[in-house]
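Comments concern the structure below.
The values are calculated or read from the model by the stated rules, or taken from the named source; none is laboratory data. Values in this document were obtained by computation on a predicted structure and should not be read as measured data. When we count neighbours, we look across all protein chains shown, and the Cβ atoms used for this are built from the backbone with ideal geometry, even at glycine.
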Amino acid sequence: MSQYYVYILASQRNGTLYTGVTSDLIGRIYQHRTGLVEGFTKTYKVHRLVYYEVHDDIREAITREKRIKKWRRAWKTRMIEDRNPKWDDLYDQLV
């Protein structure tokens, strides 16, 4: 059974945020961290995994990602801090 991840990266605590979706969380975050992904995260150095959630259905994950992207920054910040109050880089716990 496949799993899909909605994730939020940050440049630093309360810094620039990026929301994405993937079926390979470790691989995708590695791509962001090493600059293999051209675009927003590379340009703004958004590499810290500060939040993620797991979904069993890709459609559900994509819908959730789109909803989060429309949220106000304060809502995203609250969601991150509810699970990760210190804004730790969760990637280190995955590898």
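Among the residues of the range 16-32, are any without any contact (Cβ under 8 Å) to a residue 60 or more places away in the chain, in contact with a strand residue (DSSP E or B) (Cβ under 8 Å, 6 or more places away or on another chain) and among the small types (Gly, Ala, Ser)?
yes
Out of all the residues in the range 63-95, which are under 18 Å from Gly27 (Cα atoms) and over 12 Å from the mean Cα position of the chain (by Cα)?
Matches in the range 63-95: Asp92, Gln93, Leu94, Val95.
Give me the pairs: first residue in the range 52-74 and within 12 Å of Thr22 (Cβ to Cβ), second residue at pLDDT below 95 and surrounded by 12 or more Cβ atoms within 10 Å (Cβ to Cβ), beta-carbon distance under 8 Å, and six or more apart or on different chains, which are they?
As it stands, the answer is none, since no pair meets every condition given.
Residues are listed down the side, and each one gets a yes or a no for (1) more than 25 Å from Asp82 (Cβ to Cβ); (2) among the β-branched types (Val, Ile, Thr); (3) modelled with pLDDT of 95 or more; (4) under 12 Å from the mean Cα position of the chain (by Cα):
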{"residue": "Met1", "(1), (2), (3), (4)": "yes, no, no, no"}
{"residue": "Val6", "(1), (2), (3), (4)": "no, yes, yes, yes"}
{"residue": "Leu9", "(1), (2), (3), (4)": "no, no, yes, yes"}
{"residue": "Leu25", "(1), (2), (3), (4)": "no, no, yes, yes"}
{"residue": "Ile29", "(1), (2), (3), (4)": "no, yes, yes, yes"}
{"residue": "Gly35", "(1), (2), (3), (4)": "yes, no, no, no"}
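Exactly one condition in (1) in a loop (DSSP other than H, G, I, E, B); (2) farther than 28 Å from Arg72 by Cβ; (3) at pLDDT 95 or above is not met by Val46; state its number.
Of the numbered conditions (1) in a loop (DSSP other than H, G, I, E, B); (2) farther than 28 Å from Arg72 by Cβ; (3) at pLDDT 95 or above, the odd one out for Val46 is (2).
Identify all residues within the range 49-80 that are part of a helix (DSSP H, G or I), of a type in the set (Val, Ile, Thr) and either in contact with a Phe, Trp or Tyr (Cβ under 9 Å, 6 or more places away or on another chain) or within 25 Å of Val95 (Cα to Cα) (or both); write none if there are none. Explain how you work it out, then say what you get.
From the range 49-80, those part of a helix (DSSP H, G or I) are 58-70, 73-80; that's our starting set.
From the residues that got through so far, the ones that are of a type in the set (Val, Ile, Thr) too are 58, 62-63, 68, 77, 80.
Answer for the range 49-80, where residues must be part of a helix (DSSP H, G or I), of a type in the set (Val, Ile, Thr) and either in contact with a Phe, Trp or Tyr (Cβ under 9 Å, 6 or more places away or on another chain) or within 25 Å of Val95 (Cα to Cα) (or both): Ile58, Ile62, Ile68, Thr77, Ile80.
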